[in-house]
Amino acid sequence: MVAPLKVGLAGLGTVGTSVVRLIESERAQLTARCGRAIHIVAVNARSRKKDRGVDLSRMRWVSDPVELAADPDIDVFVELMGGAEGAARNAVTAALSAGKSVVTANKALLAKHGIALAEIAEKQKVALNFEASAAGAIPIVKTLREGLAGNSIARVYGILNGTCNYMLTRMEREKLSFEECLKEAQRLGYAEADPSFDIEGHDTAQKLSILASLTFGVRVDPSAIYVEGITSITTADLEAADELGYRIKLLGVAVKTDKGIEQRVHPTMVPKDSAIAQVMGVTNAVTIDAEGIAPITLVGPGAGGMATASAVVSDIADIARGARTAPFGRPVSKLTSSRKLPMQRHEGGYYIRLLAVDKPGTAATIATRLAEHSISMESIVQRHRGPVPEGRRAPVPVILITYATTEDAVRKALAAVKRDRVISGEPQLIRIEKN
């Protein structure tokens, strides 16, 4: 009979306790599927006395996570502490160096040190599994690394941050301002007290860097990603998008171009009839465009104790079965370096919202500047003015949808329009992602 797989787990927060609970409740099924039992034999956390609602009495308590990682009595080390440095990095490095497979949900650690850790895993011939690091319960890592190993992928993009998707959904449906919606998200626990990591796009960028590596064989490098958050999005943009047949989502996009691998995170207008436009609330989704097949969209919970635990236990089960592959889908020596492509080179359609000065010649001036930069218009919509104080002429909201053009051309045209003093304030610019 095959000996049980012995697991050491560091981190007993919401996800860690959910992993314990899931392995205990599904013990018989896991044994049947893996051909061997899975036992958590030792644990580590900040506080030993805290009541976590799970039975830990049969597990050894190890006070130092690095000591647990190198414990000769475990086969697999599961890291659920979080953080790119300190205990998490030291413990994972120690486990891999000691010839133990590792399972982690730590996107920050992988985004910063994933390549170095993968090199150790390859040298020691052990697994480094991280399904839970991007998009929670959605099996996107296995899909890209194994399920589509025979397909050439042109683009992968998705909703990778539940906080931002929740806020954009509430803003659209309930006409809430960004500030109102953020306060509500914080009250409900969907946004942190300091929400900047989420709303400014950095959480999505870390996850995208992992997906881009799996998809295109580039080294994990968040600095190669253009990042823009959702703080500039207004209800006016969401209403205009709806009228024009679009919905606004914060997307992480990695796409193969003739200039290299373009990686970007920003608010994006997507057609309302697309699969990803239907994903609302805190749910995540990833769409894969691969040659020879129709686009594949995977949808599911991107965070939460049981959702993340599901992915963690799946990774543990793979190790129990004896399955092992290169962490990023190919040997580290075969991964290529990526660089941040200037967004000026990006090509696509654009949504532009302007506050046009109400005077003769304004429309002609705007049209001329766009034409000078070879920008063709798909549609032009003039919005209703708000209340106008007596004796004043308020600016007129104008919305432009362009055909495919370059960001450089759009930026230069809008700069010229500003110099002509025919608009008020800063133009709003949102990229359009077609199906």
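The values are calculated or read from the model by the stated rules, or taken from the named source; none is laboratory data. Just so it is clear, the model here is predicted, and its values are computed rather than measured. Cβ placement follows ideal geometry from the backbone for every residue including glycine, while neighbour counts extend to all protein chains displayed. Surface accessibility is based on the protein's heavy atoms, side chains included, excluding ligands, DNA and RNA. Shrake-Rupley method; radii C 1.70, N 1.55, O 1.52, S 1.80 Å.
Which of (1) farther than 21 Å from ALA323 by Cβ; (2) within 31 Å of the chain's Cα centre (by Cα); (3) of a type in the set (Asp, Glu) is the odd one out, the single condition ASP51 does not satisfy?
Checking ASP51 against (1) farther than 21 Å from ALA323 by Cβ; (2) within 31 Å of the chain's Cα centre (by Cα); (3) of a type in the set (Asp, Glu), the one that fails is (2).
Out of ASP55, ASP51, ASP64, which single residue is at pLDDT 95 or above and charged (D, E, K, R)?
Every option except ASP64 fails the conditions.
Right, ASP71: in contact (Cβ under 8 Å) with a residue 60 or more places away in the chain and on the phi < 0 side of the Ramachandran plot or not?
yes
Is it the case that the stretch 255-277 has a residue that's in a helix (DSSP H, G or I), in contact (Cβ under 8 Å) with a residue 12 or more places away in the chain, open to solvent by 40 Å² or more (accessible area, probe 1.4 Å) and over 18 Å from ASN151 (Cβ atoms)?
Among the residues of the stretch 255-277, not one is in a helix (DSSP H, G or I), in contact (Cβ under 8 Å) with a residue 12 or more places away in the chain, open to solvent by 40 Å² or more (accessible area, probe 1.4 Å) and over 18 Å from ASN151 (Cβ atoms), which makes the answer no.
Examine the stretch 205-214 for a residue that is over 12 Å from the mean Cα position of the chain (by Cα) and modelled with pLDDT of 95 or more, and state whether such a residue exists.
Let us first name the residues in the stretch 205-214 that are over 12 Å from the mean Cα position of the chain (by Cα), namely 213-214.
If we keep only those that are modelled with pLDDT of 95 or more too, we end up with 213-214.
Yes: the stretch 205-214 contains one or more residues that are over 12 Å from the mean Cα position of the chain (by Cα) and modelled with pLDDT of 95 or more.
Somewhere in the stretch 291-314, is a residue surrounded by fewer than 18 Cβ atoms within 10 Å (Cβ to Cβ), within 26 Å of SER152 (Cβ to Cβ) and of a type in the set (D, E, K, R)?
Within the stretch 291-314, one or more residues are surrounded by fewer than 18 Cβ atoms within 10 Å (Cβ to Cβ), within 26 Å of SER152 (Cβ to Cβ) and of a type in the set (D, E, K, R).
Would you check if there is a residue in the stretch 59-80 being open to solvent by less than 50 Å² (accessible area, probe 1.4 Å), among the small types (Gly, Ala, Ser) and under 25 Å from the mean Cα position of the chain (by Cα)?
No.
Any chance the stretch 155-175 includes a residue that's modelled with pLDDT of 95 or more, in contact with a Leu (Cβ under 7 Å, 6 or more places away or on another chain), among the small types (Gly, Ala, Ser) and crowded, with 24+ Cβ neighbours inside 10 Å?
Taking every residue of the stretch 155-175 in turn, at least one turns out to be modelled with pLDDT of 95 or more, in contact with a Leu (Cβ under 7 Å, 6 or more places away or on another chain), among the small types (Gly, Ala, Ser) and crowded, with 24+ Cβ neighbours inside 10 Å.
Check GLY99, GLY86, GLY53 and return the single one that is closer than 19 Å to LEU22 by Cβ and of a type outside the set (Val, Ile, Thr).
After ruling out the rest, the residue left standing is GLY53.
Condition first: of a type in the set (Val, Ile, Thr) and under 30 Å from ASN151 (Cβ atoms). Now tell me which residues in the stretch 193-250 satisfy that.
Listed by number, the residues that qualify are THR204, ILE210, THR215, VAL218, VAL220, ILE225, VAL227, ILE248.
Restricting to the stretch 278-290, what's the tally of residues that are open to solvent by 50 Å² or more (accessible area, probe 1.4 Å) and under 14 Å from the mean Cα position of the chain (by Cα)?
1
Quick check: is even one residue across the stretch 185-193 within 25 Å of HIS346 (Cβ to Cβ), in a helix (DSSP H, G or I) and either among the aromatic types (Phe, Trp, Tyr) or open to solvent by less than 40 Å² (accessible area, probe 1.4 Å) (or both)?
Going through the stretch 185-193, the residues within 25 Å of HIS346 (Cβ to Cβ) turn out to be none.
There is no residue in the stretch 185-193 that is within 25 Å of HIS346 (Cβ to Cβ), in a helix (DSSP H, G or I) and either among the aromatic types (Phe, Trp, Tyr) or open to solvent by less than 40 Å² (accessible area, probe 1.4 Å) (or both).
The rows are residues; the columns are (1) in contact with a Lys or Arg (Cβ under 9 Å, 6 or more places away or on another chain); (2) more than 19 Å from LYS256 (Cβ to Cβ).
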{"position": "LEU109", "(1), (2)": "yes, yes"}
{"position": "HIS113", "(1), (2)": "yes, yes"}
{"position": "ALA116", "(1), (2)": "no, yes"}
{"position": "VAL126", "(1), (2)": "yes, yes"}
{"position": "PHE130", "(1), (2)": "yes, yes"}
{"position": "ILE138", "(1), (2)": "no, yes"}
{"position": "LYS142", "(1), (2)": "no, yes"}
{"position": "GLU146", "(1), (2)": "no, yes"}
{"position": "ASN151", "(1), (2)": "no, no"}
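Looking only at strands (runs of 3 or more DSSP E) that fall completely inside the stretch 317-435, which ones have 1 or more residues that are under 20 Å from THR235 (Cβ atoms) and over 31 Å from the mean Cα position of the chain (by Cα)?
Per the criteria, 347-356, 377-382, 396-402.
Among the residues in the stretch 78-94, are any assigned to a strand (DSSP E or B) and not β-branched (Val, Ile, Thr)?
yes
Out of the residues in the stretch 33-50 meeting the condition of being part of a loop (DSSP other than H, G, I, E, B) and not hydroxyl-bearing (Ser, Thr, Tyr), tell me which one is most open to solvent (accessible area, probe 1.4 Å).
Step by step, filter the stretch 33-50, then rank; the result is ARG46.
Residues being of a type outside the set (A, V, I, L, M, F, W, C), crowded, with 23+ Cβ neighbours inside 10 Å and within 17 Å of ALA84 (Cβ to Cβ): count how many of those fall in the stretch 204-220.
5
What number goes with the only condition from (1) charged (D, E, K, R); (2) buried (at least 20 other Cβ atoms within 10 Å of the Cβ); (3) more than 19 Å from the chain's Cα centre (by Cα) that GLU131 does not pass?
(3)
Does SER223 satisfy the condition of being more than 30 Å from ILE399 (Cα to Cα), loosely packed, with under 15 Cβ neighbours inside 10 Å and either in contact (Cβ under 8 Å) with a residue 60 or more places away in the chain or basic (Lys, Arg) (or both)?
yes
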